[in-house]
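Heads up, the thing below is written out as structure tokens.
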Amino acid sequence: MSEIVVGLDLSPSARTALQWAAEQARATGQTLRAVHVTHVVSAYGMALGMGGMAMSTELEDVDALDREAIEAVFDSAQPDAGWHLKFASGEVAPSLVAESIGASLLVVGTKEHVGIGRLVYGSVNHYCLSHAHCPMVAVPAARDRDAEDHDQASADTSAPA
């Protein structure tokens, strides 16, 4: 059976991507695998010229903080039998690309990092689009789609008749 893979975190766009992927999986009779990747860096410190004490972070500590919240987001999609949530650690975009091997579709959210955050973390959806092993869909957060719909409606009403 085919499987849809969706990247999942606590962002609005990831929640929207999960809902879209769930609808697609149900409509096409596929299973769904949601993947939450925890980006763990062993030491923080002089990155971007910001000083501070280095601190060690263990994956178990990070998972303990957000595992329940991620599980609640996954449960909000009302998972069908055979759907599952996977926790992984590593760099987010390459991890999702690795998860796309053998999948029928990779789904991710959009527009989460802007400014310095985009420079530090990069664009997950752009990386996945360039490297995925299957077709990919980037789903904008609901607020982004609402803004696009409003812009389109404004353009429609301002056009001469």
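The values are calculated or read from the model by the stated rules, or taken from the named source; none is laboratory data. Quick caveat: nothing in here was measured; it's all calculated off a predicted structure. Quick reminder, even Gly has a Cβ in these numbers, built from the backbone with ideal geometry, and neighbours come from all protein chains shown.
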Has the stretch 140-152 got at least one residue that is at pLDDT 85 or above and not aliphatic (A, V, I, L, M)? yes
For the stretch 23-37, which positions are surrounded by 22 or more Cβ atoms within 10 Å (Cβ to Cβ) and closer than 11 Å to Asp80 by Cβ? Ala25, Leu32
Would you be able to say whether some residue in the stretch 40-48 is surrounded by 13 or more Cβ atoms within 10 Å (Cβ to Cβ) and either within 16 Å of the chain's Cα centre (by Cα) or at pLDDT 70 or above (or both)? no
Any chance you could count how many residues in the stretch 72-99 are loosely packed, with under 14 Cβ neighbours inside 10 Å, among the acidic types (Asp, Glu) and outside any helix (DSSP H, G or I)? 1
Report, ordered by the first and then the second residue, all pairs with beta carbons closer than 7 Å, sequence separation of six or more or different chains, a first member in the stretch 1-23 that is closer than 18 Å to Cys134 by Cβ and in contact (Cβ under 8 Å) with a residue 24 or more places away in the chain, and a second member that is of a type in the set (A, V, I, L, M) and assigned to a loop (DSSP other than H, G, I, E, B). Glu3/Ala103; Ile4/Ala103; Val5/Ala103; Leu18/Leu8; Leu18/Ala77; Ala22/Ala77
Condition first: more than 8 Å from Gly109 (Cα to Cα), of a type outside the set (A, V, I, L, M) and not in a loop (DSSP other than H, G, I, E, B). Now tell me which residues in the stretch 16-29 satisfy that. Gln19, Trp20, Glu23, Gln24, Arg26, Thr28
